[in-house]
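> Mind looking over this structure? Questions follow.
The values are calculated or read from the model by the stated rules, or taken from the named source; none is laboratory data. Because the structure is predicted, anything quoted here is derived from the model rather than measured. Note: ideal-geometry Cβ built from the backbone for every residue, glycine included; neighbour counts use all protein chains shown. Only protein heavy atoms, including side chains, enter the accessible area calculation; ligands, DNA and RNA are left aside. Shrake-Rupley method; radii C 1.70, N 1.55, O 1.52, S 1.80 Å.
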Amino acid sequence: MKTNKEIKNSQNRVFRKIGQANESYNLINENDKIMVAVSGGVDSFVLLETLASRLKHLPIKYTIHAIHVVIENLPIQTDTESITEKCEILGIPLHIEKTSISKEENKKTSTCFPCSWNRRKIVFKKAKELGFNKVALGHHLDDALETLMMNTVHHAEISAIPPKLLMVKGNIEIIRPLILLTEEEVKAYAEIKNITSAEEPCPFEEESKRKTFKEIIKKIGSMHKEAKINMFNSMTNIIPEYLPPKRGIQK
């Protein structure tokens, strides 16, 4: 059981890193209208809770709504009542939208891509419809590192998920306020706040390549206490003269 000091330190660390991300990447500004994508997982609930909490203490004011997308023809269960209850407690309006994946989409690729794509499409559509200028996603530092390794291995490129990205013809920005927090820090905060998941494990998780890279990042993190932070910082510390020419190896 954590001591009061440990609990306070954990909470302060989370809010400090969210503040650092906001300052470094200019994520949230006065009068922003932010649509928070809530999957029902712990990460998205932590995002929602921290943004709502910061709103009460920051000198700037912004609007928060939450959105949860249900894919009706996939066997992925979420407790929408729990999501609704959490939003009501926080005083945040919730939009529950429904969609489905076509048979053609499922035939072309694994289930993960069309599921993610359709969810994002609905989120952006609703945000645009209601005049929101930002969509907040609950990705953390581990997610960025997993994406970095996946793109390096499978696509031969150095790219990940940026803290901020302009989308929808320049009208809506994706922001990731948890981007400087490790998965462990997010989980620790969730435990302190009694935040639990409202979604069942995805039945397609075993076919996801991301799970493999998650284990790799976890292993790397155990090798050195600063490993994850160093990997993240390396993406902005490129030394061209110590890298190969652009042409690389011909396939």
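> Could you work out how far the C-alpha centroid of the range 30-87 sits from that of the range 7-27, in angstrom?
Value for the Cα centre distance between the two parts: 18 Å.
> Further question: If you place +1 on the Cβ of every Lys and Arg and -1 on the Cβ of every Asp and Glu, how big does the dipole about the Cα centre of the range 153-244 come out, in debye to the nearest 20?
On the way: 13 positive and 14 negative charges, 37 e Å.
Here the size comes out at about 180 debye.
> While we're here: Residue by residue through the range 177-192, what is 3J(HN,Hα) from phi via Karplus (6.51 cos²θ - 1.76 cosθ + 1.60, θ = phi - 60°)? Round to whole Hz and write x for glycine and proline.
Per-residue couplings from phi come out as x, 8, 4, 8, 9, 6, 4, 4, 5, 5, 5, 5, 5, 4, 5, 4 Hz.
> Report, to the nearest whole %, how much of the accessible area of the chain belongs to carbon and sulfur atoms, 1.4 Å probe, protein only. Mind showing how you got there, number by number?
Working: 7980 of 15080 Å².
Of the solvent-accessible surface of the chain, carbon and sulfur hold 53 percent.
> To one decimal place, what Kirkwood hydrodynamic radius in Å is obtained for the chain from all pairs of distinct Cα atoms? List each step's numbers first, then the result.
Numbers: mean 1/r = 0.0511 Å⁻¹.
Computed over the chain, the radius equals 19.6 Å.
> Kindly sort Lys86, Lys251, Lys121 by accessible area of their heavy atoms, largest first, with the probe set to 1.4 Å.
Values: Lys86 45, Lys251 230, Lys121 100 Å².
From most accessible down to least: Lys251, Lys121, Lys86.
> Note down the accessible area of Met231, probe 1.4 Å, to the nearest 10 Å².
Solvent-accessible area, nearest 10 Å²: 40 Å².
> Loop only per DSSP, at most 13 neighbouring Cβ atoms within 10 Å: give me the trypsin sites (Lys or Arg not before Pro) in the range 122-207, ordered by residue number. Spell out each step's value before the answer.
Values: sites: Lys125, Lys126, Lys128, Lys134, Lys164, Lys169, Lys187, Lys193; in loops: Lys169, Lys193.
Passing sites in the range 122-207 are Lys169.
> With every protein chain left in place and a probe of 1.4 Å, what is the accessible surface of Cys112, to the nearest 10 Å²?
50
> Given a 1.4 angstrom probe, what's the average accessible area per residue across the chain, in square angstrom? Each step should come with its number before you reach the end.
Details: 15080 Å² over 251 residues.
Per residue, the chain has 60 Å² of solvent-accessible surface.
> For a distance above 27 Å, tell me the whole-number percent of Cα pairs in the range 108-251 that qualify.
Details: 3460 of 10296 pairs.
Of all Cα-Cα distances in the range 108-251, 34 percent exceed 27 Å.
> So what's the net charge close to Phe15: Lys and Arg +1, Asp and Glu -1, counting the other residues with Cβ under 14 Å from its Cβ? Display every interim value, and only then the final one.
Values: positive: Lys8, Arg13, Arg16, Lys17, Arg54, Lys56, Lys193; negative: Glu23, Glu49, Glu185.
Surrounding charge for Phe15 is +4.
> Please give the charge dipole size of the range 15-85, origin at the Cα centre, charges +1 on K and R Cβ atoms and -1 on D and E Cβ atoms. Round to the nearest 20 debye. Before the final figure, lay out each step's value.
Details: 6 positive and 9 negative charges, 86 e Å.
Using Cβ point charges on Lys, Arg, Asp and Glu, the range 15-85 gives about 420 debye.
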